[in-house]
Amino acid sequence: MRLRKTDLFTFIHKAIRSIIYNAASNLQSADFADINESGKLLTSLQSQLELLHEHAVHEDNIIFPEIQNNEPELIKELGDEHSMLEEKLNKVKMQILKTNNAKDKNKRLEYGTELNMIFNDFAANYLAHMNHEEVTVLDATRKYLTDEELIAIRTRIQTQIPSERYKLWLLWMLRSLNNSELIGLLGGMKAGAPPQVFENVVSVAQSVLNSEKWNKIKSQLMI
């Protein structure tokens with residue numbers, strides 16, 4: 001049986017969807033009249049938006065150039081979508097700053113409502129964009145690149161992420177995958193990663209997965 005090639009998008013996109021869903025839920029229920037509560041939320045949201053920006057940069061600078069010659073129109077289209085999303089992302093960031101700087105209770109409530117609407121617009125476009133990538137460029141990477149090349153691309157991306165930020169990605173990713181995906185991911189690491197790296201990832205998985213789910217995963221991996 002022919003093994004399926006390395007997937008550069010699905011796992012990270014699942015993590016991003018979880019980030020977006022979580023942020024949207026927190027924003028729509030936040031008490032912006034409470035400066036301390038909403039301040040913590042806005043700081044967290046700002047940090048999460050940096051993860052989304054970082055992912056887009058990796059796609060633009062590392063993944064897309066690898067298939068530019070084969071799919072120039074597709075890459076142009078996706079690049080235009082990235083530019084549009086960056087503009088919307090900057091609007092969200094500006095509204096975060098505006099809201100966080102407001103000291104008047106009524107103004108914070110007003111700006112918080114506006115932020116929720118601006119973020120929802122950004123999120124809707126971002127989710128649609130990821131769907132577009134998954135039915136176009138994901139297949140293109142597998143069509144034009146060898147598995148060795150795909151693994152090399154993934155390694156280049158990982159080496160550019162600082163260790164603390166990589167841990168954040170890992171937290172979001174592990175809590176976003178289903179059992180089969182977790183078994184595949186952790187099983188591959190168990191077989192090929194240095195023992196200390198695998199042990200660190202297992203420790204993170206234990207901290208973010210509920211005990212029932214983790215016990216199922218652990219029994220399949222025999223760890």
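For the reader, a short list of remarks on this structure follows.
- The set of residues in region 83-98 that are loosely packed, with under 15 Cβ neighbours inside 10 Å and among the hydrophobic types (A, V, I, L, M, F, W, C) comprises 84, 94, 97.
- Among (1) surrounded by 11 or more Cβ atoms within 10 Å (Cβ to Cβ); (2) at pLDDT below 90 - the single one residue 183 does not satisfy: (2)
- Among residues that are open to solvent by less than 60 Å² (accessible area, probe 1.4 Å), touching a helix residue (DSSP H, G or I) at 6+ places or on another chain (Cβ under 8 Å) and outside any helix (DSSP H, G or I), residue 161 is included.
- Selection within region 191-213 - buried (at least 17 other Cβ atoms within 10 Å of the Cβ) and in a helix (DSSP H, G or I): 198, 201, 202, 205
- Selection status of residue 80, open to solvent by 40 Å² or more (accessible area, probe 1.4 Å) and modelled with pLDDT of 95 or more: yes
- All told, residue 128 meets the bar of being under 21 Å from the mean Cα position of the chain (by Cα), in a helix (DSSP H, G or I), of a type outside the set (Ser, Thr, Tyr) and exposed (fewer than 15 other Cβ atoms within 10 Å of the Cβ).
- Test: residue in region 104-120 that is open to solvent by 40 Å² or more (accessible area, probe 1.4 Å), among the aliphatic types (A, V, I, L, M), at negative phi and more than 20 Å from the chain's Cα centre (by Cα): yes
- Residue 53 falls short on exactly one of the conditions (1) within 23 Å of residue 10 (Cβ to Cβ); (2) loosely packed, with under 13 Cβ neighbours inside 10 Å, and that condition is (2).
- Number of the condition not met by residue 27 [criteria: (1) surrounded by fewer than 17 Cβ atoms within 10 Å (Cβ to Cβ); (2) touching a residue at least 40 places away in the same chain (Cβ under 8 Å); (3) more than 16 Å from residue 129 (Cβ to Cβ); (4) of a type outside the set (D, E, K, R)]: (1)
- One residue from 101, 69 being loosely packed, with under 14 Cβ neighbours inside 10 Å and under 30 Å from residue 35 (Cα atoms): 101
- The residues of region 167-178 that are over 15 Å from residue 48 (Cβ atoms) and open to solvent by 50 Å² or more (accessible area, probe 1.4 Å) amount to a single one, 178.
The values are calculated or read from the model by the stated rules, or taken from the named source; none is laboratory data. Computed from a prediction, not measured in an experiment: that's the story for all the values here. Glycine gets a Cβ as well: all are built from the backbone with ideal geometry, and neighbour counts include every protein chain shown. Heavy atoms of the whole protein, side chains included, go into the accessibility calculation; ligands, DNA and RNA do not. Shrake-Rupley method; radii C 1.70, N 1.55, O 1.52, S 1.80 Å.
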